[in-house]
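Reviewing the structure listed below.
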Amino acid sequence: MDRVAKLASQKAVVIFSKSSCGMCHAIKRLFYELGVGPAIYELDEDSKGKEIEWCLKRLGCNPFVPAVFIGGNFVGSTNTIMTLHLNGSLKKMLRDAGALWL
């Protein structure tokens, strides 16, 4: 759990992902299109990926990828992020975390 918390707090936006996951790709693209450069951890390319997956599951991530952290706090997966984006809340969260300046 400590490793996930440490990684999640190293940048304003952190995404835990798998390189073969279509939803992960969509979420990463959304953040890039918003002008955000998130830290991305591809769990299938990380030697401790399985350990991180277990921690994400314990945090309540279901499915466990993509898992998006903003400002060091777990926000959610695809459905939550897309809902926040569509209702306009995501940009405010990103500005508050220092990931967007506009």
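The values are calculated or read from the model by the stated rules, or taken from the named source; none is laboratory data. From a predicted model like this one, the values you see are computed outputs, not experimental measurements. Every residue, glycine among them, receives a Cβ derived from its backbone with ideal geometry; neighbour counts consider all protein chains shown. These area figures cover heavy atoms from the full protein model, side chains too; ligands, DNA and RNA do not enter into them. Shrake-Rupley method; radii C 1.70, N 1.55, O 1.52, S 1.80 Å.
Figures for the structure shown
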| read-out | value |
| --- | --- |
| All positions within the range 46-79 that are touching a helix residue (DSSP H, G or I) at 6+ places or on another chain (Cβ under 9 Å), assigned to a loop (DSSP other than H, G, I, E, B) and small (Gly, Ala, Ser) | GLY71, GLY72, SER77 |
| Which numbered condition LYS28 fails, given (1) in contact with a Gly (Cβ under 9 Å, 6 or more places away or on another chain); (2) open to solvent by 20 Å² or more (accessible area, probe 1.4 Å) | (1) |
| Qualifying residue in the range 56-73 (condition: closer than 20 Å to SER20 by Cβ and open to solvent by 90 Å² or more (accessible area, probe 1.4 Å)) | yes |
